[in-house]
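Notes follow once the structure below has been shown.
The values are calculated or read from the model by the stated rules, or taken from the named source; none is laboratory data. Predicted model only: the values in this text are computed from it and were never measured. Cβ: placed from backbone, ideal geometry, glycine included. Neighbour counts: every protein chain shown.
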Amino acid sequence: MTGKIETIGIIGAGQMGGGIAHVSALAGYNVLLYDVSVDRIEKGIATISGNLARQVASGKLDEKERKDAVSRIGSAAAMADLAAADLVIEAATEDETVKRKIYAQLCPQLNPTAVLATNTSSISITRLAAQTDRPERFIGIHFMNPVPVMKLVELVRGIATEDQTFELAKAYVKQLDKTITVSEDFPAFIVNRILLPMINEAIYTLYEGVGTVEAIDTAMKLGANHPMGPLQLADFIGLDTCLSIMQVLHEGLSDSKYRPCPLLVKYVEAGWLGRKSGRGFYDYRGEHPVPTR
């Protein structure tokens with residue numbers, strides 16, 4: 001395995017993949033962005049460009065840094081284009097079947113020495129690694145959303161992850177000027193194991209009529225000094241993602257305290273997934289978000 005990472009491949013040009021591309025390019029890495037269609041890649045690159053421009057406007061970056069970062073991001077129209085990458089980070093949807101399919105297509109295209117990482121927020125790293133041809137060169141690099149703003153990255157080793165893979169991942173994250181926390185490979189790792197049951201409990205509090213959406217969010221913002229209320233945060237994360245993490249916790253740890261709230265299930269079934277779909281615990285279709293309960 002080579003000891004230096006220069007080119008980062010990223011699978012998924014959505015919010016997470018785009019954010020990872022953004023910080024990687026700013027840190028001086030060459031980035032290859034892949035998604036299922038060229039349209040999605042182009043849309044992802046346009047979003048990154050807009051976000052970098054906003055950082056210039058707010059004085060966090062200068063124009064040269066923005067230009068340099070944009071010039072380092074290229075599109076990978078086919079998976080074969082990721083052969084040049086030293087590290088590939090999969091940032092696809094939080095669905096194990098989807099991730100397995102990606103690895104099956106990707107692994108034959110990769111340089112044999114390349115490290116493969118997943119940005120999963122809850123799925124077993126050991127189990128995902130076992131679906132690849134390089135479990136010893138597989139690791140969890142879990143970024144927080146929004147990536148350019150959040151300082152934390154969780155590093156998660158699978159049972160087979162080699163020390164050298166871990167050291168390479170650490171060096172990469174440090175280059176991004178992020179803080180590392182190391183988690184054992186348990187369902188949902190550290191942040192989401194603590195955060196999602198809190199959000200789920202807030203949804204139960206709403207479901208049982210203890211308080212309205214507004215009352216619950218105000219209580220936690222002003223009573224616990226949280227920057228945003230748990231229901232507002234759930235909408236920001238995406239209720240489908242919240243549900244899938246609770247299901248991973250419930251199935252993986254077999255403890256009834258992780259049972260997803262029936263109201264969360266109902267909202268997801270209705271397609272009310274939060275901010276991205278226009279409705280969740282708040283309705284975002286007007287000028288200001290309005291509670292839906």
Scan VAL56, VAL31 and give me the residue that is modelled with pLDDT of 95 or more, among the β-branched types (Val, Ile, Thr) and either closer than 19 Å to MET150 by Cα or not assigned by TED's automatic domain parsing to the domain that holds ALA169 (or both). VAL56
Take THR165 and tell me if it is without any contact (Cβ under 8 Å) to a residue 40 or more places away in the chain, of a type outside the set (A, V, I, L, M, F, W, C) and not assigned by TED's automatic domain parsing to the domain that holds LYS257. no
Here are THR97, THR113, THR93: which of them is under 13 Å from the mean Cα position of the chain (by Cα), assigned by TED's automatic domain parsing to the domain that holds VAL173 and among the hydroxyl-bearing types (Ser, Thr, Tyr)? THR93
Please tell me if SER75 is under 26 Å from THR165 (Cα atoms), at pLDDT 95 or above and touching a helix residue (DSSP H, G or I) at 6+ places or on another chain (Cβ under 6 Å). yes
Just give me the residues in segment 146-167 being in a helix (DSSP H, G or I) and under 23 Å from GLY19 (Cα atoms), in sequence order. THR165, PHE166, GLU167
Scan of segment 19-38 for residues that are within 23 Å of THR241 (Cβ to Cβ) and without any contact (Cβ under 8 Å) to a residue 40 or more places away in the chain, ordered by number: ASP35, VAL36, SER37
When (1) touching a Ser or Thr at 6+ places or on another chain (Cβ under 6 Å); (2) more than 21 Å from GLN164 (Cβ to Cβ) are applied to VAL115, the one that fails is (2)
Would you pick out the residues in segment 203-230 that are part of a helix (DSSP H, G or I), over 20 Å from GLY274 (Cα atoms) and not small (Gly, Ala, Ser)? LEU222
I'd like the residue in segment 85-119 that is β-branched (Val, Ile, Thr) and in contact with a Gly (Cβ under 6 Å, 6 or more places away or on another chain) and, out of all such residues, is nearest to TYR34 (Cα to Cα). VAL88
Condition set part of a loop (DSSP other than H, G, I, E, B), under 19 Å from ALA171 (Cα atoms) and of a type in the set (Val, Ile, Thr), scope segment 1-47, selection nearest to the chain's Cα centre (by Cα): answer is ILE5
For segment 25-48, give me the residue count where each residue is surrounded by fewer than 17 Cβ atoms within 10 Å (Cβ to Cβ) and either under 22 Å from THR93 (Cα atoms) or polar (S, T, N, Q) (or both). 7
As an exercise: evaluate LEU222 against (1) farther than 25 Å from SER256 by Cα; (2) of a type outside the set (Lys, Arg); (3) surrounded by 18 or more Cβ atoms within 10 Å (Cβ to Cβ) and give the number of the one condition it does not meet. (3)
If I ask for residues that are touching a helix residue (DSSP H, G or I) at 6+ places or on another chain (Cβ under 6 Å) and surrounded by fewer than 24 Cβ atoms within 10 Å (Cβ to Cβ), which ones from segment 2-24 would you list? ILE5, THR7
